[in-house]
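Undergrad: I'd like to ask you about the structure that follows.
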Amino acid sequence: MATRLILLLLCLIVIYITPGVAQRELSGAAQAKLALDQLNVVGSVLMIAAHPDDENTALLAYLARGRKVRTGYLSLTRGEGGQNLIGSEQGDALGLIRTQELLAARRIDGAEQFFTRAIDFGFTKTPQETFEKWGRDKILSDVVWVMRRFQPDVIVLRFTGTPRDGHGQHQASAILGKEAYSAAADPARFPEQLQYVKPWQAKRLMWNAAVFTPDQEKETEKEHNKVVVDPGDYDPVLGHSYAEIAGMSRSMHRSQGMGSPERKGSAKAYLMPVSGDPASHDLFDGIDITWNRFPGGREVGRALADAARTFDPTNPAKTVPLLIAAQKAMAQLHQPLVDFKRQELEDAIALCSGLWLDATADKFAATPGGSFRLSATAVNRAKLRVEVASVDVASDVAGIAPVATKDTGGELPFNEPKTFTLDVKVPANQPLSQPYWLREPKQGDTYGVPNQLEIGMPENPPLLRAHFHLRLDGAGVEVVRPVVFRYIERAQGELTRPLVIEPAVTLQWTQRSSLFPTASSKGLELQVKANTPGVKGDVRIQPPGGWTAASGSQSFQLSTSGQESALSFQLTPPSAETKGALQASARVGDENIAVGMETISYPHIPPQVLFFPASTELVRSDVKLAARNIGYVMGAGDEVPDALRELGADVVLLGAGELAGADLGRFDAIVAGVRAYDTRPDLRANQERLLKYVQDGGTLVVQYITPQFGGRGGGRGAAAGRGGQPGRGGQPGRGGDTAGRGAQPIRDEHIGPYPIAIGGGRVTVEDAPVQLPNPASPLLHTPNDITARDFEGWIQERGLNFASEWDAHYQPLFESHDPGEQPLLGGTLYARYGKGAYVFTAFSWFRELPAGIPGAFRIFANLLSAGKTL
């Protein structure tokens, strides 16, 4: 009967790993039993790859949830250079989102997360370029550091380090993983780390071969000396196979559109030997993953085995004395893996004892020099004799002084919450809660992280932790809880968010960049927001050389926290073309504040804050625009509409209703945003209306899309895949993005008036030369003369997902290619259609325009004006 009850309770664990309730965790007997089983296993595996979503979530889930070994994923980057399907965040903000998506995925598959200081600078085709930008030894030292701290028994690479990996950063991750495998064991390599860690030699290094097709699986099956595991195995305790859990985990990568199936049936993973001790049957062949591996560990293992064997789901508290005995025995062991297990044991004791321990602040943010009230709550729900000896609150970061309760009142009554309140004072010089990797200036394409102990960490530690010092049936136990802000969201229920430190005020210009197309002055707006009540001061601005401001300072006074005030500053540019940063700062008392703040909030991750300089890029460039009324179809999210307003255009965002029924003829041009054909079914549904708009004299500009929505659908009167011959010069783009390889158009969908096929071609080098194959094209001369100079100063890349084939009606406007590759002409195509103009452009306007690149404004103005030049 007891066995059946255990299984019934454990099947409820699905609640714990279901993404829909990512902030909820199952507690009680089910989680306690799993925690006890996991405590008995002391093996470890570290997986290494380059980006968020490179990891094999099925293998991670199998190892962490199935084999119950400590499992980690080291992603060299935070994915800052990727795309964003859910919003307009790019760069640092996108890296923060993708970091939290990885952590959300790890909460589901059970693994831990680590990073290096490397920045994802965008797609690259060679590891050589990757190492040039990162600094090979710098990132190698980070990989070695993570290995030495984590001390894995087995290391698993996701890539081979050869051109078969495609992306140069993929190749680099395997090259560094192989080198670090040996370097981590060599005390002569990176000896500065040895004041914190010891050299570490993992037992073996494996490669997890990627298998996507039946043919690849057959070839892999022929390999000798491989280890095969099956994450498709069903786990009756979890109620899922590990492959199903992997689908849930991978679906957390929402910014990348990685929603994945929860796969049923066999899902084999193949592990090939690379170095170290051979393994023929199991990943842990020859590795002791029991407590016997540690001198003095046998007693710990015996106590934990007894606890798991005698566990009673109807009375988990009976297990506590055995766990306390294991804790005493564990105190004599001093290895990093034991330290990790010690924390797991503390959590297991709290679970089995039925204790609810919680520490919350009365607000989610405090300011330097301010204060907040902290509530530490304990509830005894298992009729154990529990006494709270003390509650100490301490910070892992410099600044806030430790505080402690003075009177805890002795023994906890049964099932009655007991709350201890503490007033916490924040020092006037307390640092802001900036993600640690963004505190210091970047060093090229790596983050500046001077504190060795922070390298590798996935995120900042909690600002404060509450240490509950307890006595359970006479035995001393310490349980640590992070201090959080707990609140009610009416649509979701009870949620938590991290406690943060933010400045008294924040400053934010309404535009990332401001274009001055003539020498005339114009006003710029600065938002001042109070983060504490009763704040006043002066805002000062500092224009770049050659620019003048009608007024260099303005005062403000804000009475309530959250209140905002808009200040307008009139700027006059120089007559010559130039660009520079306009700085703003606020003087509040003795403090000088020069930062803005962005709060990133999505349902699948906790809210995040990001601080950035209170500056905007001023651009003086002669730009003319013939199209003033612009309709914009927002896709995955970008900041192009704001940039078009800087050109002087009146921009209207078009929803489903406008696309289906509004008078489109009132627009001089309509622009389809980044990946709009991927994310807006209403856009594809109204394609015929848009082509009719072009035929009647309008201009349609389509930005880049993913290949599966491109196809060769013909225009009006043409059958899908027909309607003319591809134009000369349509190149498939070697080594480009493979996301759409093999994709077919859906039914008769198409994006242009004539046949066009979208491929994976891309130009990753941002300063790659650009040629003008049709120099007489009116789009290169009206209303602005376009020259090679207009492609100077671009960031990250030229473009991606170029057209691979196109009808002869299309005219390529630009040719570019990465070094050593074939010319690509499919980046921007122009065609006349009826009385109007159609433009497909896969150049990265969504990056260049918000960054204030002068030439990008001039070229895009010409594309918008195409219908006016006929």
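Undergrad: Give segment 400-423 a look and list any residue that's touching a residue at least 40 places away in the same chain (Cβ under 8 Å) and not β-branched (Val, Ile, Thr), or say none.
TA: Scanning segment 400-423 gives 417, 418, 420, 422, 423.
Undergrad: While we're on this one: Looking at (1) over 29 Å from residue 65 (Cα atoms); (2) in contact (Cβ under 8 Å) with a residue 12 or more places away in the chain; (3) of a type in the set (D, E, K, R), which is the one condition that is false for residue 158?
TA: It fails just one condition, (1).
Undergrad: Follow-up question, since we're still on this one. Of the conditions (1) of a type outside the set (S, T, N, Q); (2) without any contact (Cβ under 8 Å) to a residue 60 or more places away in the chain; (3) not in a helix (DSSP H, G or I), residue 274 satisfies every one except a single condition; which number is it?
TA: Going through (1) of a type outside the set (S, T, N, Q); (2) without any contact (Cβ under 8 Å) to a residue 60 or more places away in the chain; (3) not in a helix (DSSP H, G or I) one by one, residue 274 breaks only (2).
Undergrad: If you don't mind, there's one more thing I want to ask. Please indicate, with yes or no, whether at least one residue in segment 166-179 is β-branched (Val, Ile, Thr), in the same structural domain as residue 269 (by TED's automatic domain parsing) and at pLDDT 95 or above.
TA: Of all residues in segment 166-179, those β-branched (Val, Ile, Thr) come to 175.
After this cut, where a residue has to be in the same structural domain as residue 269 (by TED's automatic domain parsing) as well, the list is 175.
Filter once more, so that each one left must be at pLDDT 95 or above: 175.
Checked against the condition, which is being β-branched (Val, Ile, Thr), in the same structural domain as residue 269 (by TED's automatic domain parsing) and at pLDDT 95 or above, segment 166-179 yields at least one hit.
Condition check ((1) crowded, with 21+ Cβ neighbours inside 10 Å; (2) closer than 24 Å to residue 850 by Cβ; (3) without any contact (Cβ under 8 Å) to a residue 60 or more places away in the chain) across all residues:
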residue	(1), (2), (3)
772	no, no, yes
778	no, no, no
786	yes, yes, no
794	yes, yes, no
799	yes, yes, no
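Undergrad: Looking at segment 199-216, which of its residues are over 29 Å from the mean Cα position of the chain (by Cα), of a type outside the set (S, T, N, Q) and exposed (fewer than 14 other Cβ atoms within 10 Å of the Cβ)?
TA: 214, 215, listed by residue number.
Undergrad: Further question on the same structure: Residues of segment 488-499 being aliphatic (A, V, I, L, M) and surrounded by fewer than 22 Cβ atoms within 10 Å (Cβ to Cβ), which ones?
TA: The answer is 488, 491, 495.
Undergrad: Do we find that residue 243 is outside the structural domain of residue 604 (by TED's automatic domain parsing), under 27 Å from the mean Cα position of the chain (by Cα) and small (Gly, Ala, Ser) in this structure?
TA: yes
Undergrad: Another question, then. Can we say residue 762 is under 18 Å from residue 841 (Cα atoms), at pLDDT 85 or above and in a strand (DSSP E or B)? Walk me through it before giving the result.
TA: Details: under 18 Å from residue 841 (Cα atoms): yes; at pLDDT 85 or above: yes; in a strand (DSSP E or B): yes.
Spelling it out, residue 762 is indeed under 18 Å from residue 841 (Cα atoms), at pLDDT 85 or above and in a strand (DSSP E or B).
Undergrad: Right, here's the next one. Select, from 225, 208, the only residue that is in a strand (DSSP E or B) and either touching a Leu at 6+ places or on another chain (Cβ under 7 Å) or on the phi > 0 side of the Ramachandran plot (or both).
TA: Numbers: 225 fails: in a strand (DSSP E or B).
Of the residues listed, the single one that is in a strand (DSSP E or B) and either touching a Leu at 6+ places or on another chain (Cβ under 7 Å) or on the phi > 0 side of the Ramachandran plot (or both) is 208.
Undergrad: For segment 237-258, state whether one or more residues are exposed (fewer than 15 other Cβ atoms within 10 Å of the Cβ) and of a type in the set (D, E, K, R). Break it down stepwise before answering.
TA: Filtering segment 237-258 for residues exposed (fewer than 15 other Cβ atoms within 10 Å of the Cβ) gives none.
No, segment 237-258 has no match at all.
Undergrad: State all residues of segment 562-617 that are surrounded by fewer than 17 Cβ atoms within 10 Å (Cβ to Cβ), of a type in the set (D, E, K, R) and under 20 Å from residue 850 (Cβ atoms); if no residue qualifies, say none.
TA: Scanning segment 562-617 gives 577, 598.
Undergrad: Looking at segment 347-359, which of its residues are crowded, with 21+ Cβ neighbours inside 10 Å and either assigned to a strand (DSSP E or B) or without any contact (Cβ under 8 Å) to a residue 12 or more places away in the chain (or both)?
TA: 355, 359
Undergrad: Quick one: residue 848 ticks every box in (1) touching a residue at least 60 places away in the same chain (Cβ under 8 Å); (2) of a type outside the set (A, V, I, L, M, F, W, C); (3) crowded, with 20+ Cβ neighbours inside 10 Å bar one, so which box is it?
TA: All conditions pass for residue 848, except number (1).
Undergrad: Can you tell me which residue among 675, 684, 680 is modelled with pLDDT under 95 and either among the polar types (S, T, N, Q) or on the phi > 0 side of the Ramachandran plot (or both)?
TA: Only one candidate qualifies: 675.
Undergrad: Moving on. On the given criteria, is residue 459 within 35 Å of the chain's Cα centre (by Cα), exposed (fewer than 14 other Cβ atoms within 10 Å of the Cβ) and either modelled with pLDDT under 95 or within 30 Å of residue 73 (Cα to Cα) (or both)?
TA: Taking the combined requirement at face value, the residue does not satisfy it.
Undergrad: Search segment 618-645 for residues being among the acidic types (Asp, Glu) and surrounded by fewer than 22 Cβ atoms within 10 Å (Cβ to Cβ), and hand back the single one that is nearest to residue 492 (Cα to Cα).
TA: Going through segment 618-645, the residues among the acidic types (Asp, Glu) turn out to be 622, 638-639, 642.
Checking which are surrounded by fewer than 22 Cβ atoms within 10 Å (Cβ to Cβ) leaves us with 622, 639, 642.
Numbers: 622: 50, 639: 29, 642: 32 Å.
Among those residues, the one meeting the criterion is 639.
Undergrad: Ok, one more. With respect to residue 785, is the statement that it is more than 23 Å from residue 91 (Cβ to Cβ), assigned by TED's automatic domain parsing to the domain that holds residue 668 and of a type in the set (D, E, K, R) true?
TA: It is true that residue 785 is more than 23 Å from residue 91 (Cβ to Cβ), assigned by TED's automatic domain parsing to the domain that holds residue 668 and of a type in the set (D, E, K, R).
Undergrad: Additional query: Could you pull out the residue among 122, 82 that is out of contact with any Cys (no Cβ under 6 Å at 6 or more places or on another chain), at positive phi, at pLDDT below 95 and surrounded by fewer than 23 Cβ atoms within 10 Å (Cβ to Cβ)?
TA: 122
Undergrad: Mind listing whichever residues of segment 182-198 are buried (at least 17 other Cβ atoms within 10 Å of the Cβ) and either under 24 Å from residue 119 (Cβ atoms) or touching a His at 6+ places or on another chain (Cβ under 9 Å) (or both)?
TA: Scanning segment 182-198 gives 183, 184, 189, 190, 193.
Undergrad: Follow-up question, since we're still on this one. Mind checking whether some residue in segment 439-449 is at pLDDT 95 or above and closer than 26 Å to residue 372 by Cα?
TA: Yes, segment 439-449 contains at least one residue that is at pLDDT 95 or above and closer than 26 Å to residue 372 by Cα.
Undergrad: Can you find, within segment 647-677, the residue that is nearest to residue 623 (Cα to Cα) among those that are within 29 Å of the chain's Cα centre (by Cα) and buried (at least 20 other Cβ atoms within 10 Å of the Cβ)?
TA: Among residues in segment 647-677 that are within 29 Å of the chain's Cα centre (by Cα) and buried (at least 20 other Cβ atoms within 10 Å of the Cβ), the one nearest to residue 623 (Cα to Cα) is 671.
Undergrad: For segment 776-794, which positions are over 17 Å from residue 841 (Cα atoms) and assigned to a loop (DSSP other than H, G, I, E, B)?
TA: 776, 781, 782, 783, 784, 785, 787, 792, 793, listed by residue number.
Undergrad: A follow-up question, please. Being of a type in the set (Lys, Arg) and farther than 29 Å from residue 363 by Cβ is the filter here, so list the residues in segment 414-458 that pass it.
TA: The answer is 442, and nothing else.
Undergrad: Hey, does segment 322-332 have a residue that's in contact with a Pro (Cβ under 9 Å, 6 or more places away or on another chain) and among the hydrophobic types (A, V, I, L, M, F, W, C)?
TA: no
Undergrad: Being surrounded by fewer than 17 Cβ atoms within 10 Å (Cβ to Cβ), within 30 Å of the chain's Cα centre (by Cα) and not in a loop (DSSP other than H, G, I, E, B) is the filter here, so list the residues in segment 421-456 that pass it.
TA: 443, 452, 453, 454
The values are calculated or read from the model by the stated rules, or taken from the named source; none is laboratory data. All values reported here derive from a predicted model rather than from experimental measurement. Counting neighbours? That spans all protein chains shown, and the Cβs are built from the backbone with ideal geometry, glycine included.
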